[in-house]
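So the structure is just underneath, and the comments pick up after that.
The values are calculated or read from the model by the stated rules, or taken from the named source; none is laboratory data. Since the model is a prediction, treat every value here as computed from it, not as a measurement. Backbone-built Cβ (ideal geometry, glycine too); neighbour counts: all protein chains shown. Surface accessibility is based on the protein's heavy atoms, side chains included, excluding ligands, DNA and RNA. Shrake-Rupley method; radii C 1.70, N 1.55, O 1.52, S 1.80 Å.
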Amino acid sequence: MPPFVHRITKYDPADRDEHGHYIGSEEPTSDRGAVESAYLQAVAAFAAAAGVDQLAIREPQIPGPAHFGLEPAVEGHGLRGLFPPDLSGFHDGAEISLSVGLELVRAMLRDNGAWCRLEVEDRFAVHVGWDQYVYVRTDKPSESALAHTRALGLFPERLQASPYEADFDEPGVQRPADDDFWARLRWSVAVRQAAVLEEGYVDNASRWHRLTEHTLDAVRARLSPRAKLTVWPDLSADVEAVLAMLPDEGPVELVWEDGNGVITSTIADESEYRALAARTAGARAAAALPLDVDSRHPVFTAVMTDSDGVLRARWRTEPTLSDRNWAFLKTLRRGQIVTGKVTEIAAFGVTFVDIGGFTAMINVPELSWRHIDHPSDVVTVGQEVSAEVLDVDMVRERVPLSLKALQADPMPQFIQQVGQIVTGVVTKLVPFGAFVRVEDREDGLEGLVHNTEMSGAVVQVGAPLLVKILDVDPTRRRITLSHLQALADEGS
């Protein structure tokens, strides 16, 4: 059954024009009196009809740099007396009583600054609009609440949906701050890729934390539930240079670490730079972050999971390249066959392959079962290859592949030739003997004739040599040969 959604207003439908626009005299601000009280009583009536006495705060926010409300925001965001100054308890998923919920509705009606959705999953929701509209969603009809609302002098109207329903259906999967995330973060801190963590505990408000290998666990323990986490590289120790490079116009976010190690951020434009320089006097490090999302370059992001490890927060972070890599890596598993294109053969021999936008790698031993001198003996840049996933390293974001895993290993088949005498070609001389190719192909298998198994005759690279196959060890990938025993068997 679809939900029952009602818009509750103080605006008489008779005072609307043919386009549905209100043209009456009622002001779109709180009267802080009888009408406001009527709104709260109406919400309470719908909650009672739904059997609800506890609500959950969802997607809480406080005013950002710009405030578009009809009334000026007040100090404390309208939360004074409801939550501590640090806003602990005002977080996504926090359970509150109906009485506290009604006070939050009052603060939102007055446009004091704080805003949130108030919901009971699948049963009940209250959303407050900036223009004195209140939207109530219930899972069943509430005729008594509707009648009470009308008796209070308000006008309930049935709608298909609230315009303030949460809509977080962006493509991709939100990265959770799970064990994989914290392992990735710990590694990033260790290799100095990451140094600062931004904790978005409500929308438009952040706390900043300096990260070291020794402080990471303590920082994690005091993060707000369901906070949005953004990992940043280290701030610059050249604070003067950061200030000198601030843009000539337009707002920018400045982050700085004071002499006590406290990290603060603020948004300012060119008219505030002088005051900003005074505020940052004595700072040990700073960074200027553009407000444009595409120009900000955090290392990676995540959202805090609940204590049971489940991600229930609906809000999203802006995905970084690392976040997109994480989402792709979650689709891979060991033993999976993937197809990609060779993008590079590095000077140190590693072959890089693009698989779905992620760069995986093939180490030289995984290119072929047979001996090769260089990866170019097997692959070329631009070539499409299929390979097996050997591992998925979520911490280092590495995926090693194997070409040879999809090829037949010739070594086990060679076991049946143990005891046979063949003529091979000497490929390499070493202090302890000679390597001889005993398979009739350029990349054929090679075995070792130890000096103790040589006849004493002088051998040269490229020369034929009669040998007996003594042993084939597929595990250690060794073929043991004897020139002496080959001669003895031939002469007998």
*Using beta carbons and a limit of 9 Å, which pairs, at least six apart or on different chains, have the first residue in the range 322-344 and outside any loop (DSSP other than H, G, I, E, B) and the second one open to solvent by 40 Å² or more (accessible area, probe 1.4 Å) and among the aromatic types (Phe, Trp, Tyr)?*
Val342/Phe352; Thr343/Phe352; Glu344/Phe352
*asked:* What pairs come out if I take residues in the range 367-379 that are closer than 10 Å to Gln407 by Cβ and of a type in the set (Lys, Arg) and pair them with residues that are part of a loop (DSSP other than H, G, I, E, B) and open to solvent by less than 20 Å² (accessible area, probe 1.4 Å) whose C-beta lies under 9 Å away, six or more apart or interchain?
replied: Arg370/Gly444; Arg370/Leu445
*Taking the range 401-415 only, how many residues are in a helix (DSSP H, G or I) and surrounded by 15 or more Cβ atoms within 10 Å (Cβ to Cβ)?*
5
*Would you mind stating whether Gly419 is surrounded by fewer than 12 Cβ atoms within 10 Å (Cβ to Cβ), outside any strand (DSSP E or B) and over 32 Å from the mean Cα position of the chain (by Cα)?*
yes
_Meets criteria (in contact with a Leu (Cβ under 7 Å, 6 or more places away or on another chain), at pLDDT 95 or above and open to solvent by 60 Å² or more (accessible area, probe 1.4 Å)) for Arg186_ = yes
*Those residues that are surrounded by fewer than 13 Cβ atoms within 10 Å (Cβ to Cβ) and in contact with a helix residue (DSSP H, G or I) (Cβ under 9 Å, 6 or more places away or on another chain), I need them from the range 457-474; list them, please.*
Ala457, Asp473
*Could you please tell me which pairs satisfy a Cβ distance under 7 Å, a separation of 6+ or placement on different chains, a first residue in the range 176-192 that is more than 25 Å from Trp315 (Cα to Cα), and a second residue that is assigned to a helix (DSSP H, G or I)?*
Val189/Leu216
_For the range 1-39, which positions are under 16 Å from Leu146 (Cβ atoms) and surrounded by 12 or more Cβ atoms within 10 Å (Cβ to Cβ)?_
Pro3, Phe4, Val5, His6, Arg7, Ile8, Thr9, Lys10, Ala38, Tyr39
*Please give the number of the condition Phe352 fails out of (1) more than 21 Å from Ser386 (Cβ to Cβ); (2) without any contact (Cβ under 8 Å) to a residue 12 or more places away in the chain.*
(1)
*Residues in the range 333-358 that are open to solvent by 20 Å² or more (accessible area, probe 1.4 Å), on the phi < 0 side of the Ramachandran plot and either at pLDDT below 95 or of a type in the set (A, V, I, L, M) (or both): how many?*
4
*Quick one: which of Glu119, Glu59 is on the phi > 0 side of the Ramachandran plot and assigned to a strand (DSSP E or B)?*
Glu59
*asked:* Within the range 135-163, take every residue that is among the polar types (S, T, N, Q) and open to solvent by 40 Å² or more (accessible area, probe 1.4 Å) and give me the one that is farthest from Ala50 (Cα to Cα).
replied: Gln160
*asked:* From the list Ala285, Ala346, exactly one residue is of a type in the set (A, V, I, L, M) and closer than 27 Å to Trp182 by Cα. Which is it?
replied: Ala285
*Hey, Gln132 polar (S, T, N, Q) and open to solvent by less than 10 Å² (accessible area, probe 1.4 Å) or not*: yes
*Go through Arg274, Arg220 for me and flag whichever is of a type in the set (Lys, Arg), within 27 Å of Leu79 (Cβ to Cβ) and either out of contact with any helix residue (DSSP H, G or I) (no Cβ under 7 Å at 6 or more places or on another chain) or in contact (Cβ under 8 Å) with a residue 12 or more places away in the chain (or both).*
Arg220
*asked:* Name the residue that is farthest from Val342 (Cα to Cα), counting only residues in the range 372-400 that are assigned to a loop (DSSP other than H, G, I, E, B), open to solvent by 60 Å² or more (accessible area, probe 1.4 Å) and not β-branched (Val, Ile, Thr).
replied: Arg396
*Every pair of residues 6+ apart whose Cβ atoms lie under 6 Å, when the first sits in the range 226-240 and is under 18 Å from Val262 (Cβ atoms) while the second is small (Gly, Ala, Ser) and in a loop (DSSP other than H, G, I, E, B)*: Asp234/Ala195; Val239/Ala283
*From (1) open to solvent by less than 10 Å² (accessible area, probe 1.4 Å); (2) under 32 Å from the mean Cα position of the chain (by Cα); (3) closer than 16 Å to Ser30 by Cα, pick out the condition that doesn't hold for Val105.*
(2)
